[in-house]
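First comes the structure, then the notes that go with it.
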Amino acid sequence: MPENILEMRGIEIQFPGVKALDKVDFFLRAGEVHALLGENGAGKSTLIKCLTGVNHKDAGTILFDGKEITPTSPQNAIDMGISTVFQEINLCPNLTVAENIFVGRKEFKRKIINAKAKELMKRFHLDIDVTRPLSNYSTAVQQMVSIARAVNIDSKILILDEPTSSLDENEVQLLFNVMRDLKAEGMGIIFITHFLDQIYAISDRMTILRNGHLVGTYNIDEINKLQLVTLMVGKDMENIFDMHPADVDPDAPQMLNADHLGAPGAVSDISLTMKKGELVGFAGLLGSGRTETAEMIFGANRPTSGKLSLKGKQVDVKKPFDAIMAGVAFCPEDRKRDGIVGDLSIRENIMLAVQAKRGFLHPLSRAEQNELADKYIKALSIATPDAEKKIGELSGGNQQKVILARWMATQPDLLILDEPTRGIDVGAKAEIQRLMLEMCKDGVSVIFISSELEEVIRCSNRIVIMRDGKKAGELEGPFDGDTQSRILQIIAEGGDAQ
Amino acid sequence: MKKKAYLIFLVLGLALLAVGVFFFGRICAVKDSIYANYSLSFSDASFEKVFINDNDEATVAADFDAAVLQTAINSDDTTVELSEQVVEAAEATEAAETAAGEAAPEEVTQEDALEIIADSAPYDTVIGSFSRVQSLRTAWKLQGIFIGGGLLLCLVAVALVLRSRNLDFAAIMRSKITWAVIAEILILIVCLIIRPEFFHISYQPSNRMLYGNLIDIVNRSAEITIIGMGMTMVIALGGTDLSVGALVAVSGALALKLMRWDPTNPLYQTPGDYTVYPFILVLLVPLLVCLLMGAFNGVLVGQLKLQPIIATLILMVSGRGIAQIITNGKQYTTMYSPFRVIGQGSCLFLPTPIVITVVVVAAVMLFVRKTAFGTFVESVGINPSASRLSGINSKVVILIVFALTGFLAGISGLIYSSRIMSNDSNNAGINYETDAILSVVIGGTSMSGGKFSLTGTIVGSIIIRTIITFVYYFGVSPDSTMAFKALIIAVIIVLQSEPVRNWMAKRSQARAMVKGGVAK
């Protein structure tokens, strides 16, 4: 039995009115990747914040390397050897890679830090110029740099909070390689993610929390995905993996016809037709042109070539407003940046698009707004005490539902969902998929963009595969077990496989 | 537990106000009896000098007589005829003297009337005894105490109502507007303790207007409150408008130019009660020009994506120059009486600027909150990208907000130039942009944009004016006024800063918890 590097016993944290953690035990061994799981609000973050000194525990003990510790601040925790990499990258984009790694350290001679940084990045299998500003590199590289910065401080525990949510498949593999190296060096890694596949790919053990209580700690081979989800959600989720799209009526009228759409530097030559009630999935790596295509149809970016027609009529979409008036709706990929209006209430967020459609001089009355908000809060089972809560205070899944409600309220004919299930917990994910499929049944056409191939294959009638800003292939459902490898093949090799 | 506590405060406050109004009535009655006898009204200052500041009866009597005579002479200087009562009194005296067998002049001249007033010793005939003066004095002081005290109690009642309506006390303590109101109340309490006369309100029948420091505060804050309505929304969009002060100057310059500018007619070379162009143009042209200048700001910010500070800096710097060009560098003055009404007239017994402010504020609030415009402004201010993707045309929203702010600055400019009956391109609206921004910030709207509060801005604007009035009233030398104002505002801003508010909220929360524990 390997030794525990960290033992947290009977941790209790009381927030005003809520018990955030109730007698939670958590043990981390040296040289393991330990997944910390649970729905939003289960207490994962609170536990991590307790360990890193942001929140202070009301009861319980923390033993680190056999000694009892009480971290008082994040810096204090780092000094003790507990490093954290958060979902949001908190580095300085205008400093060089090397400076970012060494900022705040004793070492400041440019030559030395550059050499050291270079060496460090090599260890991460990254051959990059460390003297260039961080902002020159992709999100994935930035994520690696922030891990490098954390690891460089002689830490014994590394906490990774949703590190993969903005990475594509290759980048995730890169990160996993680094994690394996660190593990081999004897570091204990706490890994928090919503991606179930990744848990099974990298973790050794997992601890599941629910509503502030410990559900249990298991070896990775002890339970399968379905059992895991059931334990996290607390109810039987047998039917999550059993949702499939309805067949499309072959005689259904045409909804969308994009003819050789293109914009320089983004995508070129995109042709796509969709029928009423059809669900088309977009697969492809990040930056393959999935989002750009959606933005062109919605008018967020103007296409420079090609034609677009909706419901058989040619339309000239100059700005999102034109698309909305034509019956198109768009849930953007970056919910925080492009979706929610954080300080406004749920009610205001829901009515925003409907109101924009009407113009501000024709306001919805307060009663109409309340009715609209209450209707969707109920229909989408948004977890909130009332419609006046700020949307910024909701969990990711509920925020996503509010954005979905905003667009459902406009009664669109074509709904584009860009990564609607990213970064939200498994229960909310299932609900969003269910809503999507229900809308298709009601005659709404849906474009569904997702990095998770499994859900794209399961929910779509048809799949468009994007690669390097071009349409690389199109697969017609129903799909079978080979579809995934076929898609991956097209993504990897390109060319129209049909 | 004590949910009805506010009722006690409200009733008590209203009762005090009622007593204050009673004393107000008594003072008015005394004044009326003076005015009825001589049909002359004192200015408020000379009335206060005679009845409040003089020590013994002899001085009061001498000063009163002198004041009556002075007012009579003053009225003689102008076109105002001596009143009938005086003439009648004079004729009666003449008649009595004639009856006594002395030589009777044919008619009463004004010199005679003045002489008669001086002879008749107005103090003895009108006031009679010193005890009356003393009771007037007491009434004067008590009115201040009662009106001030009543006002404060009513404010406390409002605070209690707010508290009972919104159960989350911590949230109230965290709200900036709470601290703004508390600051205002504290300043007024200090006034009430040091000199209750601060709250004195009096009535001037000659121009049918109420006078007093409280009225003056609201009156003088009109310009900043009006501009603040627009500035609040500019700040909610995440920007600032530095050009408002300059637009005030432009507005005044245009108005005066239209009233006075006609080089061909020699009659219009000196100021008088006339206007060269129709009055409606005098009002509309400045407002329209300011609206367009605001729209220019809006285009720079919305279409060309300039930073608002930089974009509005252009007009801030050039606006006063434009005003100089409009008037050829001249400072016009006018005596046109309809124009005087805007800044110095009275309406519903209140100074006109107060009424204008109420109308403007109501109109802006209706526009912002009864349409979806306010929500759109907040949405664009919080998250421009999400707003665009929701179909909101942020360029139009920005354009409207800046154009509206320009228009409101135009209104302020008319009020300001009507107060001085002149244009003053160098000093009109000076520092208005900073005062307006300060009002908005004190009112709780964050400089980083987002949710905004128009009511908060009104409170902020009134606080700033209260400080200035307070400082003047207590005789701080004009040189140190700015320093004093800065000091008080610094204290308010510190009270409103996030750490302090959170600390207070935590304390009150902890106290509530302890109380709750005891109750169990």
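Dividing the convex hull volume of the alpha-carbon atoms in the protein assembly as shown by its residue count gives 231 Å³ per residue. In straight-distance terms, cross-link reach from A:Lys111 covers every one of the lysines whose alpha-carbon lies under 27 Å from its own, apart from those fewer than eight places away in the same chain; here that gives A:Lys122. The listed peptides A:345-354, A:403-412, B:230-239, ordered by packing as a protection proxy, come out as B:230-239, A:345-354, A:403-412 (highest mean of other Cβ atoms within 10 Å first).
Inter-chain neighbour count for A:329-342: the average number of beta-carbon atoms from partner chains within 10 Å of each residue's beta-carbon is 4. For the stretch A:406-498, the Kirkwood radius over C-alpha pairs fed into Stokes-Einstein at 4 °C and 1.567 mPa s yields D = 91 µm² per second. Out of A:Leu28, A:Leu95, B:Val459, whose Cα points farthest toward the positive end of the dipole of the protein assembly as shown (charges: +1 Lys, Arg; -1 Asp, Glu; placed on Cβ)? With unit charges placed on the Cβ atoms, the residue in question is A:Leu28. If a spin label sat at a point 7 angstrom from the Cα of B:Leu281 along the line to its beta carbon, the backbone N atoms of the stretch B:333-352 nearer than 19 Å would be those of B:333-340.
Over all directions, the average projected area of the alpha-carbon convex hull for the stretch A:210-343 comes to how many nm²?
Averaging across all directions leaves 12.7 nm² for the Cα convex hull.
Over the stretch A:4-236, one equal point on each Cα, no solvent: what is log10 I(q)/I(0) by the Debye formula at q = 0.10, 0.11 Å⁻¹? Treating every Cα as an identical point scatterer, log10 I(q)/I(0) equals -0.47, -0.57. Distance between the modelled labels on B:Asp262 and B:Met504, one decimal in nanometres: 5.8 nm (7 Å Cα→Cβ projection). Whole-Hz Karplus values for the stretch B:304-317 come out as 8, 6, 6, 5, x, 4, 5, 4, 7, 4, 4, 6, 4, 6 Hz, taken residue by residue from phi with 6.51 cos²θ - 1.76 cosθ + 1.60 and θ = phi - 60°; glycine and proline positions read x.
In chain A, Cα pairs under 8 Å separated by at least six residues give a relative contact order of 15 percent. Each label point was placed 7 Å from the Cα along the Cα-to-Cβ direction; for B:Tyr473 and A:Ser271 their separation is 8.1 nm.
Shape class of the stretch B:217-480 from the Cα gyration tensor (axes a ≥ b ≥ c, square roots of the eigenvalues): prolate, since a/c reaches 1.5 or more and a/b is larger than b/c. Given the convex hull over the Cα atoms of chain A, what projected area results after averaging over all orientations, in nm²? Directional mean of the projected Cα hull area for chain A stands at 25.1 nm². Treating r as the C-beta distance of A:Ala252 and B:Leu292 and R0 as 56 Å, the FRET efficiency rounds to 0.60.
Where in the stretch B:446-470 does the amide nitrogen come within less than 13 Å of the point 7 Å from the Cα of B:Arg195, taken along Cα to Cβ? Residues B:469-470 fall inside that zone. Mean per-residue shielding of peptide A:318-328 is 2, counting Cβ atoms of other chains within 10 Å of each Cβ.
Taking label positions 7 Å along the Cα-Cβ direction at both A:Gln484 and B:Ala486, the computed distance is 6.9 nm, reported to one decimal.
Highest mean packing comes first when the peptides A:188-197, A:414-423 are listed by Cβ atoms within 10 Å, giving A:414-423, A:188-197.
Read the figures in this text as sums done on the coordinates, not as results from a lab. It should be emphasised that the depicted structure is a prediction, and the values quoted were computed from it without experimental measurement. Counting neighbours? That spans all protein chains shown, and the Cβs are built from the backbone with ideal geometry, glycine included.
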